[in-house]
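Take a look at the structure below.
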Amino acid sequence: MARTTPEINASSMADIAFLLLVFFLVTTEIDIDEGINVALPPWSDVPPPPVELNDKNTLTVLINSRNQLLVEEELDDVDNLRKRTIEFLSNNGQNPELSNSPQEAVVSFKGDVGTSYDTYIQVYNELRGAYNDLRNDLTRKKTNGRVARFSDLDRATRDSILIEEIKFALPIRLSEAEPTKLGK
């Protein structure tokens, strides 16, 4: 008497594998890389008019390939950058070596192709943080302390005139140049 081994019916295996694949695709979370949120100007074929800048109204911030920070051609530390930027932006003509007003002040930021991403982001955050701190101070002053941060102003008051007034008083004029080889 010959024995035969029973066969396993595998006809539904493809269906089960497909259902498992769909299940894993639907339930898996994919990390989305977040970059720096910056509103770019609309594209135009017409070149912008030349801008005449006074050197004293421009704060120059450079990062070399060794991640050293140069503010106005002087070595500095990232920890001091926010304070120096606030001082530059809020000068209002008091110190003749700094900007005339926040409306005329420009912060020029440039990195080297060898600059680390971490250093670049730290410097960028400090520069944006200086603008945010100044706008937050002005928001507290204009709202008599009712609103602590500029970013909360829209939800708290819905006063678009006040928002535009603060944006006009403290425009974010941060110029980022394309990284080049700045040298060692």
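Just a few scattered comments:
- A single member of Ile63, Ile32, Ile36 is modelled with pLDDT under 80, touching a Phe, Trp or Tyr at 6+ places or on another chain (Cβ under 7 Å) and on the phi < 0 side of the Ramachandran plot, and it is Ile36.
- Subset of the range 84-113 [closer than 24 Å to Ser65 by Cα and loosely packed, with under 15 Cβ neighbours inside 10 Å]: Val113
- Residue-level check: of (1) in a strand (DSSP E or B); (2) over 20 Å from Ile166 (Cα atoms); (3) in contact with a helix residue (DSSP H, G or I) (Cβ under 7 Å, 6 or more places away or on another chain), Val107 misses just (2).
- Positions within the range 114-132 being more than 19 Å from Thr58 (Cα to Cα) and either surrounded by fewer than 20 Cβ atoms within 10 Å (Cβ to Cβ) or aliphatic (A, V, I, L, M) (or both), in sequence order: Gly114, Ser116, Tyr117, Asp118, Thr119, Tyr120, Ile121, Gln122
- Options Arg128, Arg82; residue that is part of a helix (DSSP H, G or I), in contact with a Gly (Cβ under 8 Å, 6 or more places away or on another chain) and of a type outside the set (A, V, I, L, M, F, W, C): Arg82
- Residue in the range 59-76 that is under 23 Å from Asn37 (Cβ atoms) and open to solvent by 40 Å² or more (accessible area, probe 1.4 Å) present: no
The values are calculated or read from the model by the stated rules, or taken from the named source; none is laboratory data. This one's a predicted model, so the numbers in the text were calculated from it and none came from an experiment. Here the Cβ is made from the backbone with ideal geometry for all residues, glycine too, and neighbour counts use every protein chain on show. Side chains are part of the model used for accessible areas, which takes the heavy atoms of the whole protein and leaves out ligands, DNA and RNA. Shrake-Rupley method; radii C 1.70, N 1.55, O 1.52, S 1.80 Å.
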